[in-house]
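Asker: Please find one structure pasted underneath; my questions will follow.
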Amino acid sequence: MTYDFDTQLAIRGSHAAKYDNLDRTFGVDDPEIIPMWVADMDFPVAPAVRAALQAEVDLGYCGYFGNADAASQVVAEWYRSRH
């Protein structure tokens, strides 16, 4: 699967903690600062992730997920293959 890592989102002013809370969190407010956060990306969400999230939203119900067997198996396999 390929993904466009060249297109960046303009997320300043969108309540993104890494940009919009710089002054409050770190005492700096400079638009030239590039926050180097690990898990908060400046790239669009991958199409497969967007589609999966949209499918859940389209169900019209946002409660707790009851059958996590498939998800648990995927996570367990991921850990098994890496650790």
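Asker: Checking the structure you have, find out if any residue of segment 63-77 is on the phi > 0 side of the Ramachandran plot and without any contact (Cβ under 8 Å) to a residue 40 or more places away in the chain.
Answerer: Scanning segment 63-77 turns up no residue that is on the phi > 0 side of the Ramachandran plot and without any contact (Cβ under 8 Å) to a residue 40 or more places away in the chain.
Asker: Does segment 71-83 include one or more residues that are surrounded by 10 or more Cβ atoms within 10 Å (Cβ to Cβ) and either outside any helix (DSSP H, G or I) or among the basic types (Lys, Arg) (or both)?
Answerer: No, that holds for no residue.
Asker: Scanning segment 15-36 for residues that are surrounded by 12 or more Cβ atoms within 10 Å (Cβ to Cβ) and not basic (Lys, Arg), which turns out nearest to residue 49 (Cα to Cα)?
Answerer: So, considering only residues that are surrounded by 12 or more Cβ atoms within 10 Å (Cβ to Cβ) and not basic (Lys, Arg), the one nearest to residue 49 (Cα to Cα) is 16.
Asker: Here are 12, 50: which of them is assigned to a loop (DSSP other than H, G, I, E, B) and surrounded by 11 or more Cβ atoms within 10 Å (Cβ to Cβ)?
Answerer: Within the list 12, 50, the selection yields 12.
Asker: Could you grab me the full set of residues in segment 18-32 that are in a helix (DSSP H, G or I) and in contact with an Asp or Glu (Cβ under 7 Å, 6 or more places away or on another chain)?
Answerer: Scanning segment 18-32 gives 18, 22, 23.
Readers should treat all values here as calculations from the given coordinates under stated rules, not as data from a laboratory. These figures come from a predicted structure and were not determined experimentally. Every residue, glycine as well, gets a Cβ built from its backbone with ideal geometry; the counts of neighbours run over all protein chains shown.
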